[in-house]
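All remarks here apply to the structure that follows.
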Amino acid sequence: MEKTNCNIGDIRNCCSFPVLKAGISVVAFAITLLFLSSCSNTKYLEKDETLYTRTWFNVKGFEKIKNKPLKAYELYLVGDVKTNRPIFLLPRTNLYIYNHWKPSGNWGLRHYIHRVFGKPPVLLKNVNPDFRLKVMKQRIAEMGHFDSEINLKLKHFGKNDKKVRAKFYVLFKPAYTYRNFDFIKKETKVDSIISASMAKNKIISGNDYWLKELKDERQRLNTIIKNQGYYFFNPSFLLFNADTAVGQKQVDLTMVVKDEIPENAYKKYFIRNIDILVKSNKESLKHAIPKDSVFLNNCNYKSIENPYRPKIITKAVSLKPGEQYSLTDHENTLRFLQGMGAFRVANVSFNSPDSSNQLDAHINIVPLKPIQTSLEMNFATKSNDFLGPSAIASIGHMNIFRGAERLILSVDGGFEWQKRSKRKEYELGLNSYEIGTQLKLIVPRFLLPFEVKNQSRRYVPKTLASIGFRTLKRVKYYTMNLSQAKFGYAWKSCPTREYQIEAVSIDYLRLTETSTEFEKFLVQYPQVATSFEEQFIIGSSFSYIYHSNPFNKKRSQFYNNPILDLSGNLINSIYTLAGIKDPNSDEPSKLLGSPYAQYFKITNDFRYYYIFNEKRQIASRFLAGIGVPYNNSTVLPYVKQYFAGGSQDIRAFYARSIGPGSYQPADSIPSGVFLDQSGEIKLEANFEYRFPITYKTYGALFMDAGNVWLLNEDPSRPGGKFEFDTFLKQIAVGAGFGLRIDIEFFVIRLDVGVPIRKPYLVNNSNWIFDNPGFWSDYVISFAIGYPF
């Protein structure tokens with residue numbers, strides 16, 4: 001395209017005039033909206049109404065306070081108010097929309113804008129800052145800062161003083177600390193239980209007094225006592241007395257059992273009968289009475305329509321007749337039944353007949369309807385920056401073998417296109433499409449030839465089996481078919497640990513159609529061509545997930561997921577022992593006429609979240625992985641290799657456009673293929689600060705860094721091999737701003753990233769500071785959901 005030079009005198013004839021005109025229009029629109037939204041909204045208020053605009057906090061004496069962020073957040077939750085905040089820096093736009101855009105009906109664009117973006121005025125009388133001040137004083141005392149001070153000042157402003165903002169002045173003084181903690185016995189039946197558990201209490205001498213810790217300790221003791229059979233004991237029966245007069249801002253804490261509590265709270269109860277009733281999900285049989293019953297595994301099992309094998313349900317019960325009541329067994333029974341995923345309702349209740357020390361347990365179950373169907377429409381984005389509509393239709397039987405097994409047949413398909421780039425070399429032209437089917441069986445127990453001892457009675461183990469077939473058409477390049485069969489297990493050992501094993505995983509990859517352009521590319525890059533060869537991937541994988549307990553509302557949350565993927569080892573061993581494979585042969589062995597891949601691959605995904613409050617947090621991720629082909633393979637299969645860039649990765653670069661190492665594709669490569677930019681090693685780090693903007697709209701400032709590398713030298717991709725003395729210089733870095741819109745069912749994400757460092761540039765021009773042209777290389781990423 002011929003470049004046009006523009007002079008000031010003939011700007012109307014300049015080729016860039018439409019762009020300038022569009023820019024002026026945008027600015028004019030913004031100024032108009034700013035003017036309108038800043039118009040007085042107080043004229044719509046009643047005479048006795050005042051618009052509450054903002055809450056300010058002035059906190060002092062905070063330097064030597066323990067758990068500062070959490071304590072400040074406790075006060076913030078009480079004092080902060082969601083006012084008519086600005087939208088994109090436009091003051092109280094939501095209030096302007098509420099006042100001026102009221103719709104005449106219950107449908108249409110005007111109604112939608114008013115409902116979603118409009119917000120009624122937040123009034124002083126509804127906020128009630130004086131009451132919030134009282135609650136804040138109570139909260140700061142509960143945190144041990146008994147002599148701290150909180151004051152409130154209201155500032156009226158605006159026309160006729162119709163606006164007001166509140167400012168809370170908080171003066172933190174050092175908290176009182178625990179000196180002693182004792183339990184005073186009263187010769188009750190639970191004294192010995194409490195005394196025996198005091199060594200494990202969470203109230204430690206020298207720690208700050210905090211009422212929350214006392215409540216946690218009381219709940220801990222309640223669980224221990226109830227596990228000893230005291231079904232009717234209640235945590236409110238335990239009282240704490242705090243003596244703050246001992247001096248030096250210390251507290252002597254004592255705990256006693258209340259004097260007047262119900263007689264049955266001191267009675268130890270034992271399970272007498274366990275009755276299980278499986279009701280019908282049919283409205284006509286809602287009140288039907290079961291005719292037959294079965295006594296199995298110490299349970300009286302009754303069913304209206306007998307949909308389940310009785311032993312499947314009775315084995316899920318942790319309670320046992322003749323044993324003393326246990327809260328843990330009670331909760332485990334309920335959690336296990338609900339975790340089976342086959343019931344609409346599952347609950348456990350107790351009653352004590354004839355004022356005895358016996359309990360009858362009643363377990364009521366309402367099954368799901370046996371046939372469940374679903375149709376899901378998506379507009380998805382993928383790691384390769386392809387996006388487009390897709391659909392998943394499924395039909396499943398929720399109790400296929402009368403053991404709460406779920407058999408689900410799904411068919412999915414969709415077509416995609418890559419977001420059009422402002423840079424012509426990244427335009428991929430025509431679309432790709434994909435269609436697949438899968439048959440999946442989920443069994444809520446381990447299917448093994450032996451019995452698993454000491455397995456959790458709290459969480460449901462699952463056996464997973466599936467078979468499927470997919471075909472992917474990359475227009476202009478290739479068509480790939482993928483046949484899959486998997487068998488494995490998934491289970492949890494505690495709330496924070498999850499495991500999944502694919503004991504057998506079989507993938508069969510085959511290119512069924514290739515274009516001339518694509519074949520020329522494979523000739524130029526023989527290692528990439530090898531990764532695309534028809535082959536079996538037969539192996540197993542193991543995944544372990546650790547995450548912080550979400551019920552412990554701590555400010556720091558962790559997530560770690562190592563995955564080990566192995567392929568070809570068992571077959572290779574059998575071939576070698578049977579003499580089928582010659583150890584000295586360079587030719588890969590085959591299975592059913594096709595080579596099989598042999599490698600090990602390990603990837604670790606670590607994430608750390610620092611949570612300021614419900615909507616404001618710092619999220620970070622570090623991902624490291626390596627895949628090593630050996631024996632029967634020289635390279636990893638293409639579908640198992642690592643890539644860098646894209647909306648879920650390093651967002652300032654296009655998907656799969658980074659690496660390996662400092663390699664940069666030659667001009668002769670087909671436009672936008674990106675097939676040569678993969679590797680066997682990957683390092684990636686991400687940092688993101690997430691914050692609220694306005695109603696269901698959130699922002700993020702992010703920085704990403706990373707790359708992929710080759711294990712071995714590839715002459716066709718110079719600079720791609722991983723070297724310890726150079727890999728840091730080959731890290732790509734990008735930063736930017738993101739917008740997230742939460743529409744309840746999913747989150748729409750728009751990120752704008754700018755490359756700060758490009759690893760493939762030479763002559764010391766890798767950094768943005770050395771190359772001002774970097775600013776023009778921004779990348780806009782559209783995606784669904786958070787990146788991590």
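The values are calculated or read from the model by the stated rules, or taken from the named source; none is laboratory data. Here the structure is a predicted model, which is why all the values come from computation and not from measurement. Positions of Cβ are generated from backbone atoms using ideal geometry, with glycine treated the same way; all protein chains shown enter the neighbour counts. Heads up: the accessible areas ignore ligands, DNA and RNA and are worked out on the full protein's heavy atoms, side chains in. Shrake-Rupley method; radii C 1.70, N 1.55, O 1.52, S 1.80 Å.
Could you order 494, 299 by accessible surface area, starting with the largest, using a probe radius of 1.4 Å?
Working: 494 30, 299 0 Å².
Greatest to least solvent exposure: 494, 299.
Between residue 128 and residue 283, how many nm apart are label points set 7 Å from Cα along the C-beta direction?
The modelled label-to-label distance comes out at 4.2 nm.
To the nearest 10 Å², what's residue 778's accessible area with a 1.4 Å probe?
My reading of the accessible area for residue 778 is about 90 Å².
Let a ≥ b ≥ c be the square roots of the eigenvalues of the Cα gyration tensor of the stretch 584-670; is it rounded (a/c under 1.5), or, if not, prolate (a/b larger than b/c) or oblate? Working shown, then result.
Working: a/c = 3.43, a/b = 1.78, b/c = 1.93.
Since a/c reaches 1.5 but b/c is at least a/b, the shape of the stretch 584-670 is classed as oblate.
Provide the per residue accessible area, probe 1.4 Å, for the chain, rounded to a whole number of square angstrom. Let's see the in-between values first.
On the way: 42380 Å² over 788 residues.
Dividing the accessible area of the chain by its residue count gives 54 Å².
Kindly provide the helix-only [θ] at 222 nm of the chain, computed as the sum of -39,500 (n - 2.57) over DSSP H runs of four or more divided by all residues, to the nearest 500 deg cm²/dmol?
Values: 13 runs with 133 residues, N = 788.
Only helices count here, giving -5000 deg cm²/dmol.
Could you tell me which GluC sites (Glu not before Pro) in the stretch 253-356 are loop residues by DSSP with no more than 14 other beta carbons within 10 angstrom of their beta carbon? Can you show the working numbers first?
On the way: sites: 260, 263, 283, 305, 323, 331; in loops: 260, 305, 323.
Passing both the DSSP loop test and the Cβ count: 260, 305, 323.
Below 18 Å, Cα to Cα, which aspartates and glutamates can residue 153 reach? Residues fewer than 8 away in the same chain don't count.
Filter leaves 80, 130, 161.
Hey, what do the phi angles of the stretch 524-530 turn into as Karplus ³J(HN,Hα) couplings, whole Hz, using 6.51/-1.76/1.60 and θ = phi - 60°, x for Gly and Pro?
6, 10, x, 5, 5, 4, 4
With all protein chains present and a 1.4 Å probe, how do 210, 107 order by accessible area, largest first? Mind dumping the intermediate values first?
On the way: 210 20, 107 215 Å².
My answer, sorted largest first, is 107, 210.
Would you work out the relative contact order for the stretch 452-564, in percent, from Cα pairs under 8 angstrom that are 6 or more residues apart? Working shown, then result.
On the way: 214 pairs, mean separation 25.5, N = 113.
After rounding, I find 23 percent.
Can you send over the solvent-accessible area of residue 152, 1.4 Å probe, protein chains only, in Å² to the nearest 10?
Answer for residue 152: close to 40 Å² accessible.
Would you tell me the accessible area of residue 100, worked out with a 1.4 angstrom probe on the heavy atoms of the protein chains, in Å² to the nearest 10?
60
What is the magnitude of the charge dipole of the stretch 295-377 about its Cα centre, with +1 placed on the Cβ of each Lys and Arg, -1 on the Cβ of each Asp and Glu, and no other charges, expressed in debye to the nearest 20? Spell out each step's value before the answer.
Values: 8 positive and 7 negative charges, 67 e Å.
Using Cβ point charges on Lys, Arg, Asp and Glu, the stretch 295-377 gives about 320 debye.
Largest first, how would 55, 530 line up by accessible area (1.4 Å probe)?
Working: 55 20, 530 45 Å².
Of 55, 530, the descending order of accessible area is 530, 55.
Work out the FRET efficiency for residue 366 and residue 113 from their Cβ-Cβ distance, taking R0 = 35 Å, and round it to the nearest 0.05.
Numbers: r = 42 Å, r/R0 = 1.21.
The pair residue 366/residue 113 has a calculated efficiency of 0.25.
Counting Lys +1, Arg +1, Asp -1, Glu -1, what net charge surrounds residue 45 among other residues with beta carbon under 15 Å of its beta carbon?
Working: positive: 43, 47, 92, 119, 125, 159, 162, 163; negative: 46, 48, 49, 161.
Value of the local net charge: +4.
Among [x] 191; [y] 268; [z] 300, only one was calculated for this model; which label is it, if the read-out is volume of the Cα convex hull per residue in Å³?
The value computed from this structure is option [y].
Please give, to one decimal in nm, the separation of the simple spin-label points placed at residue 600 and residue 534, each 7 Å out from Cα toward the Cβ.
Placing both labels 7 Å beyond Cα along the Cβ direction yields 3.1 nm.
Taking all protein chains in place and a 1.4 Å probe, what share, in percent, of the accessible surface of the stretch 202-242 do carbon and sulfur account for?
Working: 930 of 1920 Å².
Of all accessible area on the stretch 202-242, carbon and sulfur atoms account for 49 percent.
Taking amide hydrogens as modeled 1.01 Å from N in the peptide plane, which residues meet the under 5 Å criterion relative to residue 633, leaving out close sequence neighbours?
Distant-sequence amide H within range of residue 633: 598.
How high is the FRET efficiency from residue 743 to residue 200, r the C-beta distance, R0 41 Å, rounded to 0.05? Working shown, then result.
On the way: r = 46 Å, r/R0 = 1.13.
My answer for the efficiency is 0.35.
At what distance in nm do the modelled label points of residue 639 and residue 517 sit from each other, each positioned 7 Å from its Cα along Cα→Cβ?
Result: 2.4 nm between the two label points.
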